[in-house]
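Step one of this worksheet: look at the structure below.
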Amino acid sequence: MRVHVPGDKSLTQRALILSALAEGESRISGLLFGGDAESTANALRALGAGIPQIPSDGSEITVQGVGLGGLRSPGSQLDLGNSGTGARLLLGVLSGSAVETTMTGDESLRSRPMRRVTEPLRAMGARFDFLAEDGLLPIRLRGKRPLQEIDWSTPVASAQVKSSILLAGLTGGASALITEPEQSRDHTERIFRQVGVSTESRAVADGWRVEMHNPPNRISELDFRVPGDVSSAAFLLASAVLGGTAASLDIVGVGLNPTRTAFLEVLERMGAEITVETDADDENLEARGTVSASLSSLTGTHVGAAEVPRMIDELPLVAVLGARAQGETSIRGAQELRAKESDRIDAVVRNLRVLGVDVEEHADGLIVLGSDRPLKGRVEAFDDHRIAMAFGVLGAAPGNDIEVDDPHASGVSFPGFWELLRELGAGSHA
């Protein structure tokens, strides 16, 4: 059974931002049609970029960019909805722009930490005022151009923090050097190369180093097709492995960036029957290909800090797979999960306990003891798309009867998820 998944959420937002900052017309296709992407697009429209409505079928759009110095102060505050990626990346973009605005979001986004981004941006010369609680949205921002050069070390590997600093350096005309304890997703570095911005990346004694020296004063138009989101594909692959689909599954056109594929490695380590075929192999591009999976018997595994940055969004899924694996599945070094759309460690632990699963919570992760007994109960989505979909996958497995209280939470990254899950599972429990 061959299926496609929606466009990659991280790349959709980066493509929208860079096409808005380019001079001239950019052509983008495969964009995610969902809540987070639309929030970022709306913010860019308010800042003056010519972005049409995002089509639901992934067809091509043309974006009229305004140039690196062309963003304007909006007439009202920027509401990023639930998009943490959009908020943090735009804080960087606007720090290097001659823009004053207030940024806010929904209740969930207003509870997520922003100081990890504003601290380095403030060191570059941008000014921020927290209008409610310290370190949280809403934030009044006053950008500055040019910004000061920065050499920043982050305590936690974070593609959002790294990308925010790089984008500030780009719009603010400042060199930006970042050191992380581990390599985080490199989508920004790859898409930078496609618009003429050079970065250098390498392993160093204390982690991973990314450097952008003397950024250009203009970037070229973007011509880009966004691949399918491997994080969205992960939920369908997990369902196939657990027997929730009526046949083996082939997901085509999915992104296979090596900084995003640790989940596939963990699946294989747990004993899943999966295959990966790569279509594009240019290290400067976003690789894509086909991933296939089928019903498998799983054994528990351990995910440690070194793997976490490459699979941060899939960790709740690893936990629910662990509930159906033989033995223990442990996730450690993942304290970053507590600062996502929900406290994902707490959310997973609470829901697994509701279902009767033996789970042990830790500050930086959890340990799950697998079993084959039927799992029944009503779980909470916690207004978090990853939590909703993870327990939807567990509920689709044979023998289980699980209700998710707010299935619509999945819409920010995977519109149509539940309909597709039901379609793929038709006949699987016969």
How many of the residues making up the range 262-281 are assigned to a loop (DSSP other than H, G, I, E, B) and modelled with pLDDT of 95 or more?
3
Residues of the range 229-261 being outside any helix (DSSP H, G or I), among the polar types (S, T, N, Q) and either buried (at least 17 other Cβ atoms within 10 Å of the Cβ) or within 18 Å of the chain's Cα centre (by Cα) (or both), in sequence order, are Thr245, Asn257, Thr259, Thr261
Residues that are polar (S, T, N, Q) and either buried (at least 24 other Cβ atoms within 10 Å of the Cβ) or out of contact with any Lys or Arg (no Cβ under 8 Å at 6 or more places or on another chain) (or both), drawn from the range 136-171
Gln148, Ser153, Ser163, Ser164, Thr171
Would you call Arg140 within 23 Å of Leu71 (Cβ to Cβ) and at pLDDT below 95?
no
Residue by residue through the range 77-98, note down the ones that are surrounded by fewer than 24 Cβ atoms within 10 Å (Cβ to Cβ) and of a type in the set (D, E, K, R).
Asp79
Those residues of the range 126-135 which are over 10 Å from Ala168 (Cα atoms) and buried (at least 18 other Cβ atoms within 10 Å of the Cβ), in sequence order
Phe128
Among the candidates Arg310, Arg269, which residue alone is in the same structural domain as Glu328 (by TED's automatic domain parsing), closer than 20 Å to Thr329 by Cα, charged (D, E, K, R) and surrounded by fewer than 20 Cβ atoms within 10 Å (Cβ to Cβ)?
Arg269
Has the range 368-381 got at least one residue that is touching a helix residue (DSSP H, G or I) at 6+ places or on another chain (Cβ under 7 Å) and in contact (Cβ under 8 Å) with a residue 60 or more places away in the chain?
yes
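Let's see how each residue does on (1) within 29 Å of Ala37 (Cβ to Cβ); (2) β-branched (Val, Ile, Thr):
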position	(1), (2)
Ile345	yes, yes
Arg353	no, no
Gly365	no, no
Phe382	yes, no
Met389	yes, no
Phe417	yes, no
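Residue under question is Val226, and the condition is that it be in contact (Cβ under 8 Å) with a residue 12 or more places away in the chain, closer than 16 Å to Val393 by Cβ and either of a type in the set (S, T, N, Q) or crowded, with 21+ Cβ neighbours inside 10 Å (or both); does it hold?
No; evaluated as a whole, the condition is false for this residue.
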Test of understanding: among Ala43, Ala87, Ala123, which residue is closer than 26 Å to Ala176 by Cα, assigned to a helix (DSSP H, G or I) and in contact with a Pro (Cβ under 9 Å, 6 or more places away or on another chain)?
Ala43
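Starting from residues that are assigned to a loop (DSSP other than H, G, I, E, B), among the hydrophobic types (A, V, I, L, M, F, W, C) and free of Cβ contacts under 8 Å to residues at least 40 places away in the same chain, keep the ones in the range 178-219 and report whichever is nearest to Glu149 (Cα to Cα).
Val197
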Looking at the range 413-421, can you tell me whether even one residue there is outside any helix (DSSP H, G or I), touching a strand residue (DSSP E or B) at 6+ places or on another chain (Cβ under 9 Å) and farther than 22 Å from Met311 by Cβ?
no
Can you pull out every residue in the range 100-120 that is buried (at least 22 other Cβ atoms within 10 Å of the Cβ) and in a loop (DSSP other than H, G, I, E, B)?
Gly105, Met114
Single residue of Leu170, Leu147 found to be modelled with pLDDT of 95 or more and part of a loop (DSSP other than H, G, I, E, B):
Leu147
How many of the residues making up the range 382-430 are buried (at least 21 other Cβ atoms within 10 Å of the Cβ) and among the small types (Gly, Ala, Ser)?
9
Going through (1) modelled with pLDDT under 95; (2) under 22 Å from Ile331 (Cα atoms); (3) out of contact with any helix residue (DSSP H, G or I) (no Cβ under 9 Å at 6 or more places or on another chain); (4) not β-branched (Val, Ile, Thr) one by one, Gly304 fails only at (1)
From the list Ser29, Ser76, pick out the single residue that is among the polar types (S, T, N, Q), assigned by TED's automatic domain parsing to the domain that holds Leu141 and within 27 Å of Leu109 (Cα to Cα).
Ser76
Pick from the range 313-336, criterion touching a Ser or Thr at 6+ places or on another chain (Cβ under 8 Å) and of a type in the set (Asp, Glu), ranking: surrounded by the most Cβ atoms within 10 Å (Cβ to Cβ):
Glu314
Would you mind stating whether Arg112 is in the same structural domain as Arg190 (by TED's automatic domain parsing), touching a Leu at 6+ places or on another chain (Cβ under 8 Å) and basic (Lys, Arg)?
yes
Could you tell me whether Ala123 is in contact (Cβ under 8 Å) with a residue 60 or more places away in the chain, in contact with a strand residue (DSSP E or B) (Cβ under 7 Å, 6 or more places away or on another chain) and small (Gly, Ala, Ser)?
no
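The values are calculated or read from the model by the stated rules, or taken from the named source; none is laboratory data. All values derive from a computational prediction rather than experimental measurement. When we count neighbours, we look across all protein chains shown, and the Cβ atoms used for this are built from the backbone with ideal geometry, even at glycine.
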